[in-house]
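Derivation of every value follows stated rules applied to the coordinates shown; laboratory data play no part. All values derive from a computational prediction rather than experimental measurement. Positions of Cβ are generated from backbone atoms using ideal geometry, with glycine treated the same way; all protein chains shown enter the neighbour counts.
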């Protein structure tokens with residue numbers, strides 16, 4: 001997939017599942033549970049043990065079914081490692097001009113993390129087309145709506161504390177997508193192999209996203 005196709009998928013699907021700190025032996029089961037619930041975008045964070053191996057496993061076993069990305073990408077070296085393992089897009093917690101330009105030069109979609117007008121515009125000036133607004137719930141939808149007013153040429157993805165029943169609020173505030181973590185990728189469910197609960201939770205998010213975008 002080209003970078004433009006992946007950006008389009010993020011905007012169309014609207015949900016990225018963020019996986020952090022899980023056992024590598026559970027990663028494929030997590031992916032299958034999310035996919036069954038309708039989530040097709042999944043991000044493995046770089047500060048997860050065995051993250052590169054997990055991305056490699058997912059890229060092979062979920063090929064053609066899910067689009068796998070890397071999160072908490074802090075350096076060009078991490079980007080290279082994750083890309084070589086099969087990650088199709090990169091998500092960062094900050095605005096790192098060198099990382100943004102590194103990704104753009106290689107046609108790799110990149111979502112820098114931003115919270116202020118200066119951060120968002122700095123990311124845009126270095127070529128970013130989409131930014132992760134974090135922490136979204138703490139910043140609030142009114143803040144995001146005001147931020148979006150003068151900065152309407154870059155797409156926002158809300159990450160941090162977004163719940164199924166608040167999806168519409170973030171979409172209406174101007175976000176094109178959200179990132180979700182522990183509310184769906186629940187550690188208790190993972191430990192007990194309760195994949196049906198994870199699938200049901202994913203399905204609720206997908207249902208609310210479809211409703212918000214309709």
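How large is the convex hull of the C-alpha atoms of the stretch 77-183 per residue, in Å³?
Working: hull volume 10.5 nm³, N = 107.
Expressed per residue, the convex hull around the Cα atoms of the stretch 77-183 is 98 Å³.
If we count other beta carbons within 10 Å of each Cβ, what is the order of 40, 8, 129, fewest first?
If I rank by nearby Cβ atoms, fewest first, I get 8, 129, 40.
Quick one: Cα convex hull volume of the chain, Å³ per residue?
About 103 Å³ per residue, rounded to a whole number.
Out of all DSSP beta bridges with both ends in the chain, state the antiparallel percent to the nearest 5.
Numbers: 0 of 24 bridges.
Among the beta bridges of the chain, antiparallel pairing accounts for roughly 0 percent.
Using alpha-carbon pairs under 8 Å, 6+ residues apart, how would you state the relative contact order of the chain in percent?
21 percent
Between 151, 68, 15, find the one with the highest GNM mean-square fluctuation for the chain; connect C-alpha pairs within less than 10 Å.
Maximum among the listed residues: 151.
Show that you can apply the helix-only estimate: for the chain, add -39,500 (n - 2.57) for every DSSP H stretch of four or more residues, divide by all residues, and state [θ] at 222 nm to the nearest 500.
Per the formula, -13500 deg cm²/dmol.
Round to a whole angstrom and tell me the spacing of the C-alpha centers of the stretch 6-69 and the stretch 90-158.
21 Å
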